[in-house]
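What follows is a short report on a single structure.
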Amino acid sequence: MSIAALERTPQDILERDRPAVVNDFALVAATVNGSGSQTANNTLIRALFKMGIPVSGKNLFPSNIAGLPTWYTIRVSKDGYTARRATTEILIAFNPKTADDDLAALPAGGACLYPSDLVFTRPRTDVSNYPLPVKALLKQSTIDPKLKDYVANMVYVGALAELLGISMDEIQAALGFHFGGKAKAIALNFAMVATAAAWTREHLPKTDPFQVAPMTATEGMMLIDGNSAGGIGALVGGVNVCAWYPITPSTSLVDALTEYAPKLRPPENDRTTYAIVQAEDELAAAGIVVGAGWAGARAMTATSGPGLSLMSEFAGLAYFAEIPAVIWDVQRMGPSTGLPTRVSQGDLLTAYTIGHGDTRHVCLLPGSMADCFEAGYTAFDLAERLQTPVFVLSDLDLGMNNWMTPPFVYPEQPLDRGKVLSARDLDDLKTWGRYKDSDGDGIPYRTLPGTDHPRAAYFTRGTGHNEYGLYSERPDDWQNNLDRLGRKHDTARTLVPQPVIDGRAGASVGIIAFGSTDGAVQEARDRLRAQGLETGYLRLRALPLGQPTSAFIAQHQRVFVVELNQDGQVHQLLQLHAPEHATRLHSARICNGLPLTAEFVVEAIDKMTR
């Protein structure tokens with residue numbers, strides 16, 4: 001379809017005098033994976049952020065290298081909401097294969113930017129159409145032909161900057177940030193942005209209501225993804241060893257660790273103080289981590305669901321032999337290989353019980369960038385204090401997408417190495433048993449390899465043993481050991497991060513959620529309040545569950561458990577944790593691979609409270 005065929009006429013568009021929509025809309029860039037759109041999208045979101053406008057970005061990308069459709073959504077919210085919206089008002093239709101479906105999803109009154117040679121089979125006249133002569137603008141430029149395909153997306157950056165009012169200074173600064181100050185790359189891309197903006201100004205009168213205006217809501221904040229936050233937190237927590245095998249969406253966590261380690265942990269006396277090892281598979285990675293933890297290192301790995309299953313045997317060994325280890329599980333959609341680039345919270349029960357026999361693990365459930373950073377170092381403290389594996393259950397939405405956050409706060413407390421006996425400690429003890437509960441909290445004392453004392457050594461085994469580490473198949477030894485592990489798990493209930501609770505006076509309805517669903521729940525609560533329904537809210541931050549969770553359930557007549565998995569896994573755990581209140585718990589779950597929306601939460605609660 002030609003540009004002339006999509007000329008806007010008064011009957012084709014909505015009223016031009018409708019009020020402007022300022023800093024409250026969402027836009028989606030529909031492009032082809034591998035086409036350089038990441039640069040364009042990162043430039044847009046950073047420029048908006050630096051204008052002081054609250055933004056969030058969510059990337060929906062295929063599980064291949066290049067060629068398949070990808071969508072990047074930027075939500076602009078003057079109220080600071082960060083959850084995915086059910087609809088987007090502005091479409092950048094730069095993928096011919098999905099253009100018709102993408103246009104069909106655009107709400108009436110929206111805006112569509114597209115290459116002028118793109119032919120829609122189902123054109124629309126109830127939206128503002130902005131055809132862009134991408135090929136002509138590229139042809140006019142002096143850009144190296146090899147780079148034109150990658151710079152083409154800068155055309156929509158320039159057009160949006162003109163149509164929405166995005167600061168060109170901030171666009172240029174965002175390109176400088178993205179390219180690390182490389183003048184040639186900055187100039188190349190910004191030239192195309194400026195050319196497209198000038199062409200749009202001259203040829204495309206604005207007919208949509210969407211605008212941006214500077215704010216101050218992001219002052220003192222930064223944009224970061226959860227994998228980077230977790231990697232930085234691990235370095236703050238003193239990580240010595242990281243062993244891993246690449247798997248989406250956890251790979252960038254180790255990439256961040258690799259990037260920041262030389263800056264935050266420079267060599268001491270020309271010697272590095274950490275080791276980052278790519279193992280041959282997840283099984284080997286877990287073995288390296290458990291071995292390093294046994295030797296006294298702070299060791300971690302990062303994986304996702306399929307990799308976690310391969311780590312099962314070593315996770316069980318570390319639990320029963322009581323060896324510290326940290327395992328980040330950046331969750332994605334299963335079962336099996338599933339949808340590697342879609343979000344889910346489906347690994348909860350697996351991680352909590354992974355191993356063989358009666359096994360229960362500590363799991364951290366970060367729900368913000370600050371939580372991801374905190375989990376980075378807290379996980380090591382808990383692993384060493386409790387002498388056990390600690391799982392950090394992030395997810396793809398948290399891990400790989402852009403989020404606003406205040407700067408991270410460096411922890412004031414020193415590293416917690418737990419109950420480690422020195423040679424001097426052993427001199428003062430008449431007897432010592434590696435698996436003996438001397439304090440009644442279920443946590444034994446340990447020594448580290450190399451401790452210079454004749455009584456420091458013990459045999460580490462995953463088979464039956466008594467409290468002195470000696471092999472035993474005696475029923476009483478076995479039962480005593482499992483009972484002690486149970487006491488240790490109860491101790492963990494008091495040590496893990498406690499839930500965040502927002503109680504509301506007179507609220508008969510409660511909501512329990514965890515992880516990346518927090519933004520959608522917070523927004524949904526505002527909408528429900530506007531409808532006259534007050535809700536209490538408890539955001540879980542860790543397993544095992546404790547007394548505050550039980551008390552919250554008891555305080556509300558109905559409690560809706562919101563989660564991104566098919567079977568309502570947290571709902572099941574809560575019923576086991578508070579069986580006397582099981583009938584108060586209602587599952588509000590969805591498992592479609594997409595980040596949660598406030599619309600879903602409101603509709604689910606409305607339906608169940610009628």
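The values are calculated or read from the model by the stated rules, or taken from the named source; none is laboratory data. Note that this is a predicted model, so its numbers are computed, not measured. Using ideal geometry, Cβ is built from the backbone for each residue, glycine included, and neighbour counts are taken over all protein chains shown.
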**Message:** Condition first: under 26 Å from the mean Cα position of the chain (by Cα) and in a helix (DSSP H, G or I). Now tell me which residues in segment 566-592 satisfy that.
**Reply:** 569, 570, 571, 572, 573, 574
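Determine, yes or no, whether residue 232 is touching a residue at least 12 places away in the same chain (Cβ under 8 Å), among the β-branched types (Val, Ile, Thr) and crowded, with 20+ Cβ neighbours inside 10 Å.
Here the answer is yes, as residue 232 does meet what is asked.
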**Message:** Looking at segment 472-504 only, could you name the residues that are polar (S, T, N, Q) and closer than 20 Å to residue 460 by Cα?
**Reply:** 472, 479, 480, 481
**Prompt:** What do you reckon, is residue 572 among the polar types (S, T, N, Q), under 23 Å from residue 595 (Cα atoms) and either surrounded by fewer than 17 Cβ atoms within 10 Å (Cβ to Cβ) or in contact with a Ser or Thr (Cβ under 7 Å, 6 or more places away or on another chain) (or both)?
**Reply:** yes
**Message:** List the residue pairs whose Cβ atoms are under 7 Å apart, where the first residue sits in segment 460-483 and is not assigned by TED's automatic domain parsing to the domain that holds residue 356, the second is of a type in the set (A, V, I, L, M, F, W, C), and the two are 6 or more positions apart or on different chains.
**Reply:** 460/294; 460/321; 461/321; 462/317; 462/320; 462/321; 464/478; 469/459
**Request:** Please find, within segment 92-122, the residue that is surrounded by the most Cβ atoms within 10 Å (Cβ to Cβ) out of those that are aliphatic (A, V, I, L, M) and closer than 20 Å to residue 36 by Cα.
**Result:** 92
**Message:** So, residue 435, is that one out of contact with any Lys or Arg (no Cβ under 9 Å at 6 or more places or on another chain) and not assigned by TED's automatic domain parsing to the domain that holds residue 61 or not?
**Reply:** no
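Residue-by-condition table, conditions (1) under 19 Å from the mean Cα position of the chain (by Cα); (2) assigned to a helix (DSSP H, G or I); (3) within 15 Å of residue 496 (Cβ to Cβ):
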position	(1), (2), (3)
330	yes, no, no
344	yes, no, no
350	yes, yes, no
358	no, no, no
366	yes, no, yes
372	yes, yes, no
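If a residue must be among the acidic types (Asp, Glu), out of contact with any Asp or Glu (no Cβ under 9 Å at 6 or more places or on another chain) and in a loop (DSSP other than H, G, I, E, B), how many such residues does segment 400-444 contain? Explain how you work it out, then say what you get.
Pass one, segment 400-444, residues among the acidic types (Asp, Glu): 412, 416, 425, 427-428, 437, 439, 441.
Then keep just the ones that are out of contact with any Asp or Glu (no Cβ under 9 Å at 6 or more places or on another chain); that gives 412, 425, 427-428, 439.
If we keep only those that are in a loop (DSSP other than H, G, I, E, B) as well, we get 412, 439.
The number of residues fulfilling the criteria is 2.
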**Unmet requirement for residue 595, which otherwise passes all of (1) more than 27 Å from residue 73 (Cβ to Cβ); (2) in contact (Cβ under 8 Å) with a residue 24 or more places away in the chain; (3) in a loop (DSSP other than H, G, I, E, B)** = (1)
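Among the residues of segment 466-500 satisfying the criterion of being part of a helix (DSSP H, G or I) and among the polar types (S, T, N, Q), which is farthest from residue 433 (Cα to Cα)?
To start, the set of residues in segment 466-500 that are part of a helix (DSSP H, G or I) comprises 475-495.
From the residues that got through so far, the ones that are among the polar types (S, T, N, Q) too are 479-481, 491, 494.
Values: 479: 17, 480: 14, 481: 12, 491: 20, 494: 25 Å.
Per the stated criteria, the residue is 494.
Conditions tested, residue by residue: (1) modelled with pLDDT of 95 or more; (2) crowded, with 16+ Cβ neighbours inside 10 Å.
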{"residue": "413", "(1), (2)": "no, no"}
{"residue": "422", "(1), (2)": "yes, no"}
{"residue": "431", "(1), (2)": "no, no"}
{"residue": "445", "(1), (2)": "yes, yes"}
{"residue": "454", "(1), (2)": "no, no"}
{"residue": "472", "(1), (2)": "yes, yes"}
{"residue": "479", "(1), (2)": "yes, no"}
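Residue-by-condition table, conditions (1) in contact with a Cys (Cβ under 6 Å, 6 or more places away or on another chain); (2) free of Cβ contacts under 8 Å to residues at least 60 places away in the same chain; (3) among the hydroxyl-bearing types (Ser, Thr, Tyr):
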{"residue": "283", "(1), (2), (3)": "no, yes, no"}
{"residue": "293", "(1), (2), (3)": "no, no, no"}
{"residue": "301", "(1), (2), (3)": "no, yes, yes"}
{"residue": "307", "(1), (2), (3)": "no, no, no"}
{"residue": "310", "(1), (2), (3)": "no, yes, no"}
{"residue": "315", "(1), (2), (3)": "no, no, no"}
{"residue": "319", "(1), (2), (3)": "no, no, yes"}
{"residue": "322", "(1), (2), (3)": "no, no, no"}
**Asked** Inside segment 324-357, can you point out the residues that are at positive phi and without any contact (Cβ under 8 Å) to a residue 40 or more places away in the chain?
**Response** 336, 338
